[in-house]
Amino acid sequence: MRANAGPGRLLTTSDVESLGLDAEEPPSPECPYCGAPLEPLAVELDGRAYWVSHRDCGCEGERSVRERREAEERRERRRELLGRLTRAGIGRRYLDAQVSVRSCADYLAGFADSRGGGLYIYGPVGSGKTHEASALAARFVEAGYTVVMTGTLRMLDSVYASYRSDSERAAGLSRYSTCDVLILDDLGKEGASGWAGTTLYQIVDARYNAMLPVIVTSQYPPQSIERRLARGGEAETAAAIASRLAEMCEPVPLTHRDRRRCG
């Protein structure tokens, strides 16, 4: 009885002989870079060996070509990743941002068990809120999640622009309501109209009910955001938004001085 080589195993000429496999005369490949003979390799299929490859040579020419190919593959992966990051809404300035706040790193580590929990990152102008949120967005994109990062004002403008028809309006809202992770930058900077408040409430409420996370950045601490959202007179809507965010999001205060002014 013949021994079995095992599925997918590459066999040398001595392996083929020791296993007693039927096979054609092995080829005699040569390295295209230095001309050295290369050992042929086979696979077994139904008791017969088929020559399919050969061992690498390891010469300088082969190594050089392999290194160039690997470098190009790394560049292509980088280009593809940058495209995904850009499409997610991460600004060019922040494409290489790294998570630097411990509570944000802990959030990433426990995200699979977060059950829709998010973060409320707040602090003064220039304290690094957008940088930290962008770093989080990038890690989620790299992990394969659908991510939308947007300024709150840009989001509202996008939804408003979709009002040409009911179907487009629904699609405009759905982009922000159903993505795996929504990151709202600069909450509180949007207009104070009743429409803006209602639209923001629709998106936050949809994510709240679906247990989908929201990551918020704002100049305004959690205890002040309701008053800020209600400045146009929509107190009930503002209270409803603030209440949901308070339950959904862990507060993350940033106290750095203005990084832009400090260089």
Task: Conditions (1) in a helix (DSSP H, G or I); (2) within 18 Å of residue 108 (Cβ to Cβ); number of the one not met by residue 250 - done: (1)
Task: Test: residue 28 is of a type in the set (Gly, Ala, Ser), in a helix (DSSP H, G or I) and either in contact with a Pro (Cβ under 6 Å, 6 or more places away or on another chain) or not assigned by TED's automatic domain parsing to the domain that holds residue 182 (or both) - done: no
Open item on the list: Taking the condition of being in a helix (DSSP H, G or I) and surrounded by fewer than 14 Cβ atoms within 10 Å (Cβ to Cβ), how many residues in segment 213-226 meet it?
Closed with: 1
Open item on the list: I need every pair where a residue in segment 101-117 that is farther than 13 Å from residue 252 by Cα and touching a residue at least 60 places away in the same chain (Cβ under 8 Å) has its Cβ under 8 Å from the Cβ of a residue that is in a helix (DSSP H, G or I) and of a type in the set (Gly, Ala, Ser), sequence separation at least 6 or different chains.
Closed with: 116/210
Task: Total residues in segment 73-104, condition assigned to a loop (DSSP other than H, G, I, E, B) and either closer than 28 Å to residue 178 by Cβ or of a type outside the set (Gly, Ala, Ser) (or both) - done: 9
- [ ] Could you please give the count of residues in segment 174-212 that are closer than 17 Å to residue 137 by Cβ and surrounded by fewer than 22 Cβ atoms within 10 Å (Cβ to Cβ)?
- [x] 6
- [ ] Name every residue in segment 116-168 that is closer than 17 Å to residue 195 by Cβ, in contact with a Phe, Trp or Tyr (Cβ under 9 Å, 6 or more places away or on another chain) and hydrophobic (A, V, I, L, M, F, W, C), in order of residue number.
- [x] 155, 156, 159
Task: Filter result for the condition that a residue is surrounded by fewer than 19 Cβ atoms within 10 Å (Cβ to Cβ), of a type in the set (Phe, Trp, Tyr) and assigned to a helix (DSSP H, G or I), over 107, 145, 160 - done: 160
TODO: Kindly establish whether residue 184 is closer than 15 Å to residue 91 by Cβ, at pLDDT below 95 and not basic (Lys, Arg).
DONE: no
- [ ] Return the residue satisfying two criteria in turn: it lies in segment 32-62 and is part of a loop (DSSP other than H, G, I, E, B) and in contact with a strand residue (DSSP E or B) (Cβ under 8 Å, 6 or more places away or on another chain), and of such residues it is nearest to residue 16 (Cα to Cα).
- [x] 47
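The values are calculated or read from the model by the stated rules, or taken from the named source; none is laboratory data. All values reported here derive from a predicted model rather than from experimental measurement. Methodologically, a virtual Cβ is constructed for each residue, glycine included, from the backbone with ideal geometry; neighbour enumeration extends over all protein chains shown.
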